[in-house]
1. Once you put a point 7 Å from the Cα of Glu216 and another 7 Å from the Cα of Lys310, both along the Cβ direction, what distance in nm separates them?
2. What trypsin sites (Lys or Arg not before Pro) in the range 137-199 are in a loop by DSSP, with at most 16 other Cβ atoms within 10 Å of the Cβ?
3. Taking the Cβ of Arg217 as the center, what net charge do the other residues with Cβ under 13 Å away carry, scoring Lys and Arg +1 and Asp and Glu -1?
4. Filter the chymotrypsin sites (Phe, Trp or Tyr not before Pro) in the range 98-180 to those in DSSP coil with at most 16 other Cβ atoms within 10 Å of their Cβ, and list the result.
5. At 0.36 nm per residue, and after removing the present C-alpha to C-alpha distance, how many nm does the segment from His268 to Lys15 gain when stretched out fully?
6. Normalising by the residue count of the chain, find the relative contact order in percent from Cα pairs under 8 Å and 6+ residues apart.
7. Please list, in order along the range 193-208, the HN-Hα scalar couplings obtained from phi with the Karplus expression 6.51 cos²θ - 1.76 cosθ + 1.60 (θ = phi - 60°), rounded to whole Hz, x for Gly and Pro.
8. Can you work out the FRET efficiency for the pair Asn192 and His257, with r the C-beta to C-beta distance and R0 = 41 Å, to the nearest 0.05?
Amino acid sequence: MEVKFFNKRGEEVKKKPLKLKWVDFDIKKEFEHFMIKEIYEQPLVSKILIDSLKTEQSDIVNKFLDEIEKANKIVFIAAGSSYHSSLMGSRLLRELGYEAYSVLASEYKDMKYDKNTLIIAVSQSGETMDVILALKDLKERAKKVLSVVNVPYSTIQRISDSSLEIKAGPEKCVAATKTYTNQVIAFLYLANRLGMKVNVEEIPDEINRTINMNEERVKEIARDLKEERDIFIIGRGINYYSSLEISLKLKEISYIHAEALAGGELKHGTLALIEKGTKVLALNPSWDIDIKTNIEEVASRGGVVYEIPKDFYAKESYPNFSLYSVIVGQLLTYYTAREKGLPIDYPRNLAKSVTVK
Ligand code: M6R
């Protein structure tokens with residue numbers, strides 16, 4: 001097929017074809033839905049990303065590290081799951097001593113920007129309008145605009161001064177799964193290069209183990225969850241951000257009202273909703289003393305608490321546990337939606353890429 005381009009005056013405009021390096025993954029297993037296929041692709045795509053950060057993308061990684069080190073303030077701008085991964089990114093940078101924040105793209109004016117502010121846009125599609133509008137405004141006002149995208153040559157990548165690709169390949173289910181995971185891995189990798197102790201190498205195998213060790217247990221719990229209207233997800237510190245991501249998955253794909261809470265906030269109001277049988281998912285790694293108190297607060301009022309890692313497998317390495325917990329949440333979402341007979345890949349009222357304001 002031949003395609004021709006014309007300008008407003010009807011004159012033909014010649015364009016140079018560009019071959020996209022955009023491969024789909026042929027993993028040898030039959031899947032009923034894209035969502036579960038994409039969950040299963042995570043060990044592979046995480047490995048591809050880690051390898052590429054060390055090789056073909058190493059110059060871009062160095063550029064990111066250099067810009068982060070030089071900036072007075074770092075602001076991540078994103079929406080939805082990409083916002084949740086950016087919360088992990090900014091948190092890791094704060095733990096390393098940088099002044100870093102995440103803002104929702106639709107609320108980006110909530111922050112002060114100047115010529116010493118580094119912007120890091122995070123977007124799977126690279127086409128989210130709220131992010132594009134924020135970047136267009138900030139391009140001249142901020143120091144530099146960097147981005148972390150999945151889709152090469154996307155608008156956000158083209159606006160950016162420099163862009164890291166997360167190499168997750170095409171993601172077809174409306175829910176972000178493998179792209180969320182690879183965004184987080186990119187931030188873990190950067191944090192590691194900036195001096196944080198992160199076991200990046202274990203991630204692909206651990207994701208694989210997390211999927212395989214949890215599937216049967218998740219299917220069992222999904223049968224309980226399918227009747228629920230509400231569920232609360234609690235975590236503290238960096239795990240609070242994972243709770244936000246798990247709750248978004250449960251809402252959009254399982255149609256359950258899932259509310260994420262920082263454990264410490266329970267006593268400030270939501271505890272009033274906990275009664276006999278209320279379901280709560282708690283991210284409870286051994287080092288988190290305070291979340292244990294929150295679990296007791298729920299259990300003593302008759303709430304039913306499912307715990308990661310007590311009831312599910314997730315390796316307790318810091319900060320990777322946060323990522324492994326989200327993999328459990330993805331599986332829980334998928335199997336609950338399947339129990340309910342929901343459309344899964346194409347949930348009602350939602351689009352994969354939100355290209356309107
Ligand atoms: O393409 P983006 O990462 O910019 O998309 C942002 C959100 O629209 C997206 O993450 C959305 O929240 C997903 N459906 C979540 O699963």
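The values are calculated or read from the model by the stated rules, or taken from the named source; none is laboratory data. Computed from a predicted structure; not experimentally measured. Note that each Cβ is placed from the backbone with ideal geometry, even for glycine, and that neighbours are counted across all protein chains shown. Please note that ligands, DNA and RNA were not included when accessible areas were found on the heavy atoms of the full protein model with its side chains. Shrake-Rupley method; radii C 1.70, N 1.55, O 1.52, S 1.80 Å.
1. Going from the Glu216 label point to the Lys310 one covers 2.2 nm.
2. Values: sites: Lys139, Arg141, Lys143, Lys144, Arg158, Lys167, Lys172, Lys178, Arg193, Lys197; in loops: Lys143, Lys167, Lys172, Lys197.
Filter output for the range 137-199: Lys172, Lys197.
3. Taking every other residue near Arg217 into account, the sum is -3.
4. Tyr153
5. Working it through step by step, the gained length comes to 85.2 nm.
6. Taking the mean separation of contacting Cα pairs over the length of the chain, I get 18 percent.
7. 5, 8, x, 7, 7, 9, 8, 6, 5, 6, 4, x, 5, 5, 5, 4
8. Once the sixth-power term is evaluated, E becomes 0.65.
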